[in-house]
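These notes concern the structure reproduced below.
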Amino acid sequence: MDQLTRIFLQEAADQIESLESLLLDLEESHASVELQEHFMRAAHSLKGASGTAGYSLLADLAHEVENLVQTLQEGRLTPGPDYFDLMYRSLEAMRRYLAPLAQGREDVTELESVQRELKEWFEGNGRQESELSAASAQTQDDFNLGEYDLLRIGVLEGQGKALYRIDIGFKGDTVDHEQQAISIFKELRRSGDILQSIPSEGLLADIAEENRLVLLFSCDLGLEEIGRLLPQDNLLSVAVSEYRRDRTLPVADNSAGENFIKTFASEKTVRLEMEVLDELLRLVGELMLNRVRLARISGEYQSRLADRELAAEIEETAEKLEHLTADLQSGIMRARMVPVARLFRMMKRRARQVSRRLETRVRLIGHGEWTEIDKKLFDLLSENLVAMTEVLAETICSQSSAGDSELSVFAARKGNNVILKFVGAGSPPGEDGLEQIRSSIVDCGGRLIVGEENENFQLSVSLPITLAIVPVMMVEAAEEIYAFPLEAITETFRLEKDKSSTVEGKEITEVRGNALSLLDMGDALDIAQRNEEFKQKFVVVVESGSEPIGIIVDRLIGKFDVVIKPLGSHFNGVRHISGSTILGDGKVALIINSETLIAEARGAAA
Amino acid sequence: MARKDKNAVQVDEFQAIGFQVGGEEYGLPLSEVQEIITTPHVTRVPKAPPYIAGVINLHGNVIPVFDVARRFEIGQTNLEGGSRVVVVENNGEMVGLAAEAVSNVTRLSISSVKPPPPLVSGIAAEYLTGVARLPNRFLIFLNIGLVLSNDAAKQE
């Protein structure tokens, strides 16, 4: 697949996502002219791009969707849920059509079926048949200029170039009109810019029906000179006139300005595959390890080296390296961050689906959508979080007698975490519905806390800012080193020999007057202990939901920020281990999933 | 007539390495081998399948180490001493195969690799691509993809 096609597919996917987001907004305020215009422009640009890339089916569908919103704008109908269902379905059909294209597979069935639905809808709503045919058969004479076009025009005018409208009529004989059009394009481009054409360049084949080509052309030539560029003898008619646009870009309107910035902001960004970032991160990890080694060596050198100056220089360099590595690391981390807005959109859609299914309205209202999370985290958890939205929406609906309910989501950054708080009326959903979701959240180093307050339920999902690095407490147990995510630890203390007792087969100790259940790490992980003699032990207290549990380990090593390395598919069924990390000496240490550890301990107690 | 480059591999030949596990020698086409390293510290993974000896650090990536002997329940690979880890790629992931020793690269003719009998040293034929007879040894060629497959292991 060539580069251009790949870029188109990526851009088109983005455009469809924008359209979905706009649709959500449009559903809330369908009379907003600004939203309608915005939507139509986006659909129009998707149409143009698809046509140019050769995906005419997609272009057609984009055109239909644009028309759909146009009927809204013309005030010819009050849109009901069916209208929006059709719109969502169309966008989804487009999305699903695009996805396999990247792998070279094309499936047009869904597109065609939605096309038929749209046709039926238009017929049912009294639309002219002619407007349903190929996208190129626009009867509009005027060019539909978007902001980008207007900006281009502005730039060209600033260069002293004029705008012309060129109307070309083709002879109705057997001459290949498309070929003629292509050579006209080529010839004109030698002297100026073609800003727009009707039909669009990707759909020139449709000239056969229209026998007509209209161009918006910019150059610094005069009318006559332009005329001379065209093969007038072979054409039926040629008319060149100065083009004056009716619509000027309102300068004072801030939203338009914002959109400008958004269009051009995209030119300042670079597309990067996640794999590249991952590799960079891995390299940074290696860099960090070697930096630590260097620091150790420099320390040893200092004690052995007679040359104090050299030793100091080595130390200084090692320190500098540390700062540089840290900065590099946080730079790469930042590149991985994406706003949760996208997640909110997905959740809103799911809430809407639940509403339609249960015939009770439940709206999802998002706050703090610009809060950022690691893209990796997003990829891993988005499905689960959207599933959670479904569970919560259903729970609210089942408990609510009113026809209109709300589910609020608050996203905020808190220290090294991002908190997503879901609030809704009624009691929280049962634990079974949340088990799968809870487990995935914990595997990512996060937590799920369920609570109630004032007849509302509150579900807090706490996620590490970045999946890549997590602060842990390193411990030693049965001669291996393990890492406990700090997030789950409430406290640690030394366990004296006589301070624990056994009650009904379970070990218990007392902390500040309260009983604390203990669980030996070696037992929990089925690791053989070298000797059973009770040395001095330490306890790591972890908490999940209600009761805390103390995990008995041999030694506390210390707090570290570690880079999480996933274990791979061979370890999918392994309990209690959620990942691994590489220690300073190059050895691999496992990261413990304290949630499952606690669950097992509780299960055993039950 | 041009002198034949004695290092060039003939079309009907391929290069392979042998790795020793529990007294048997298994063959792997060189094209399948990513690299061979001295066994580093292997971190045990509690509650992992018994044929996974643990995980190691390979250039900053954490990869599993497979024990072929335990996979087919014909013993256990000794990871001490001069043992090696043969790194192969499987389904987009890197995996290490524990080996007590690794032989030099051998050139074999494709025709010397015969279809395996139903059971070779305790391993069912479906896991083998063939057996090659060399001057003083046998090389058992494993179907690595299947050996490392999770599904196959689960079905047993």
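Listed values, structure above:
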read-out: Filtered residue count, segment A:575-594, keeping only those that are within 7 Å of chain B (Cβ to nearest Cβ), within 13 Å of A:GLY285 (Cβ to Cβ) and among the aliphatic types (A, V, I, L, M); value: 2
read-out: Flag if A:GLY285 is within 14 Å of chain B (Cβ to nearest Cβ), among the small types (Gly, Ala, Ser) and out of contact with any helix residue (DSSP H, G or I) (no Cβ under 7 Å at 6 or more places or on another chain); value: yes
read-out: Members of segment B:119-148 that are touching an Asp or Glu at 6+ places or on another chain (Cβ under 8 Å), over 15 Å from B:LEU28 (Cβ atoms) and part of a strand (DSSP E or B); value: none
read-out: Residue in segment A:278-286 that is under 32 Å from the mean Cα position of the chain (by Cα), among the basic types (Lys, Arg) and open to solvent by less than 70 Å² (accessible area, probe 1.4 Å) present; value: yes
read-out: Among (1) out of contact with any Asp or Glu (no Cβ under 7 Å at 6 or more places or on another chain); (2) part of a helix (DSSP H, G or I) - the single one A:GLY451 does not satisfy; value: (2)
read-out: Residues located in segment B:59-70, provided they are under 12 Å from the mean Cα position of the chain (by Cα) and not aromatic (Phe, Trp, Tyr); value: B:VAL65, B:ASP67, B:VAL68, B:ALA69
read-out: Unique residue being touching a strand residue (DSSP E or B) at 6+ places or on another chain (Cβ under 6 Å) and modelled with pLDDT of 90 or more when the list is B:VAL87, B:VAL113; value: B:VAL87
read-out: Evaluation of A:LYS161 against (1) farther than 22 Å from A:LEU57 by Cα; (2) open to solvent by 50 Å² or more (accessible area, probe 1.4 Å); (3) at pLDDT below 80 (one fails), failing number; value: (3)
read-out: Filter result (under 23 Å from A:ILE332 (Cα atoms) and of a type in the set (A, V, I, L, M)) within segment A:445-485; value: A:LEU463, A:ILE465, A:LEU467, A:ALA468, A:ILE469, A:VAL470, A:VAL472
read-out: Extreme residue, modelled with the lowest pLDDT, among residues of segment A:456-472 that are open to solvent by 20 Å² or more (accessible area, probe 1.4 Å) and not in a loop (DSSP other than H, G, I, E, B); value: A:ILE469
read-out: Residue match in segment A:381-389 (condition: closer than 25 Å to A:ASP25 by Cα, at pLDDT 85 or above and of a type in the set (Asp, Glu)); value: yes
read-out: Strands (runs of 3 or more DSSP E) (entirely within segment B:1-118) containing at least 1 residues that are within 14 Å of another protein chain (Cβ to nearest Cβ); value: B:33-38, B:52-58, B:61-66, B:84-90, B:93-99
read-out: B:PRO116 being within 14 Å of B:PHE141 (Cα to Cα) and either touching a Leu at 6+ places or on another chain (Cβ under 8 Å) or of a type in the set (A, V, I, L, M) (or both); value: yes
read-out: Residues (farther than 14 Å from B:LYS47 by Cβ, in contact with a helix residue (DSSP H, G or I) (Cβ under 9 Å, 6 or more places away or on another chain) and modelled with pLDDT of 75 or more) located in segment A:582-594; value: A:ILE582, A:LEU583, A:ASP585, A:GLY586, A:SER594
read-out: From A:GLU504, A:GLU455, A:GLU510, residue being within 37 Å of the chain's Cα centre (by Cα) and among the charged types (D, E, K, R); value: A:GLU455
read-out: Residue satisfying all of: in segment A:476-507; in a strand (DSSP E or B), closer than 13 Å to A:ASP520 by Cβ and away from every other protein chain (no Cβ under 14 Å); most open to solvent (accessible area, probe 1.4 Å) among these; value: A:THR502
read-out: Only one of A:GLN15, A:GLN103, A:GLN10 that is without any contact (Cβ under 8 Å) to a residue 60 or more places away in the chain, part of a helix (DSSP H, G or I) and open to solvent by 10 Å² or more (accessible area, probe 1.4 Å); value: A:GLN15
read-out: Members of segment A:559-574 that are open to solvent by 20 Å² or more (accessible area, probe 1.4 Å) and either among the β-branched types (Val, Ile, Thr) or more than 10 Å from chain B (Cβ to nearest Cβ) (or both); value: A:LYS559, A:PHE560, A:ASP561, A:VAL563, A:ILE564
read-out: Members of segment A:422-455 found to be under 19 Å from A:VAL563 (Cα atoms) and open to solvent by 30 Å² or more (accessible area, probe 1.4 Å), listed by number; value: A:ASP443, A:ARG447
read-out: Total residues in segment A:355-373, condition modelled with pLDDT of 85 or more and of a type in the set (Asp, Glu); value: 0
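Listed here are the residues, each with its yes/no results for (1) surrounded by 21 or more Cβ atoms within 10 Å (Cβ to Cβ); (2) under 20 Å from A:MET346 (Cβ atoms).
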residue	(1), (2)
A:MET40	yes, no
A:ASP60	yes, no
A:GLU74	no, no
A:ASP85	no, yes
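The values are calculated or read from the model by the stated rules, or taken from the named source; none is laboratory data. Here the structure is a predicted model, which is why all the values come from computation and not from measurement. Virtual Cβ from ideal backbone geometry, glycine too; neighbours counted across all protein chains shown. Each accessible area value is taken on the protein alone, full model and side chains, heavy atoms only, with ligands, DNA and RNA left out. Shrake-Rupley method; radii C 1.70, N 1.55, O 1.52, S 1.80 Å.
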